[in-house]
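Data block below; observations after.
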Amino acid sequence: MATGHTDPRRRERILAAALDLIAEEGVAGVSHRKIAARAGVPLGSMTYHFTGIDELLLEAFTGYADHVVAVFERHLADAATQEEAREAVTDLIHTLSGGPRRDLILVQELYTLAARREPYRALCVRWMHRSRALLETHFPPDTARQLDALIEGLTLHRALDDDPPDRPLTREAVRRITGARPAALPLVAPPGADPGRA
């Protein structure tokens, strides 16, 4: 029987294929046979690498969560001041919401599983703790918790909205949560006022 010893990247290809299929067909549409065909591996290698579909899906989603945490890390790593951290969070929201639609679907599929099944809920809890820990390097714990929720919510809203909030609105939401003073707005003269007497 062929094993993964002759193909060290076989397990990685199986996990990537599983995520691609979940994004296309949902978790309910995934099977060993479909994943094997997408990954280009023998069907028998599925049971060599994984004890069952649950182990495979949980590992695939764990890898996806690691990917998103790495995106958090890249955005927040270089922020030296709280103001830079606020801008990094704004960039993070726009990066996540402007990313592949596949990523948005994967997050929603994971949340659906987490609402029903404990291993996936535990995965989401670990993911939240990791993202909050990164935010806590720049903000107090309560603020980090609120920012984490804002990132999740605004990412989803921006991805699904036909007229998504622009960067100034995102930046202002981040500033309000982090206790920064509101950005100065341009002065608008009242109707009928002489613009030369501002």
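Express in % the proportion of alpha carbon pairs of region 84-151 at distances exceeding 16 Å. Walk me through the numbers on the way to the answer.
Working: 1259 of 2278 pairs.
Above the 16 Å cut-off, region 84-151 has 55 percent of its Cα pairs.
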Worksheet item: Each residue of region 22-33 in turn: what ³J(HN,Hα) in whole Hz from Karplus with 6.51, -1.76, 1.60 and θ = phi - 60°, glycine and Pro shown as x?
Response: 4, 5, 8, 10, x, 4, 5, x, 8, 9, 4, 4
Worksheet item: What is the P(r) of the chain, as percent of Cα-Cα pairs per 10 Å bin from 0?
Response: 8, 29, 27, 18, 11, 4, 2, 1, 0
Worksheet item: How much of the accessible area of the chain, in percent, comes from carbon and sulfur atoms when a 1.4 Å probe is used?
Response: 56 percent
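For a test of the definition: using alpha carbon positions, the gyration tensor, and the 1.5 limit on a/c, classify region 3-92 as rounded, prolate or oblate.
Numbers: a/c = 3.68, a/b = 2.46, b/c = 1.50.
In terms of gyration-tensor shape, prolate.
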Discussion item. Quick check for you: with a 1.4 Å probe and neighbouring chains kept, what is the accessible area per residue of the chain, in Å²?
Written reply: 58 Å²
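Rounding to the nearest 20 debye, state how big the charge dipole of region 95-167 is about its Cα centre with +1 on each Lys and Arg Cβ and -1 on each Asp and Glu Cβ.
On the way: 11 positive and 11 negative charges, 81 e Å.
Dipole of region 95-167, to the nearest 20 debye: 380 debye.
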Discussion item. Could you check the spin-label model distance between Asp54 and Asp162? Points 7 Å from the Cα along Cα→Cβ, value in nm.
Written reply: 4.3 nm
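The values are calculated or read from the model by the stated rules, or taken from the named source; none is laboratory data. All of these numbers come straight from a predicted model, not from anything done at the bench. Neighbour counts run over all protein chains shown; Cβ positions are idealised from the backbone, glycine included. Heavy atoms of the whole protein, side chains included, go into the accessibility calculation; ligands, DNA and RNA do not. Shrake-Rupley method; radii C 1.70, N 1.55, O 1.52, S 1.80 Å.
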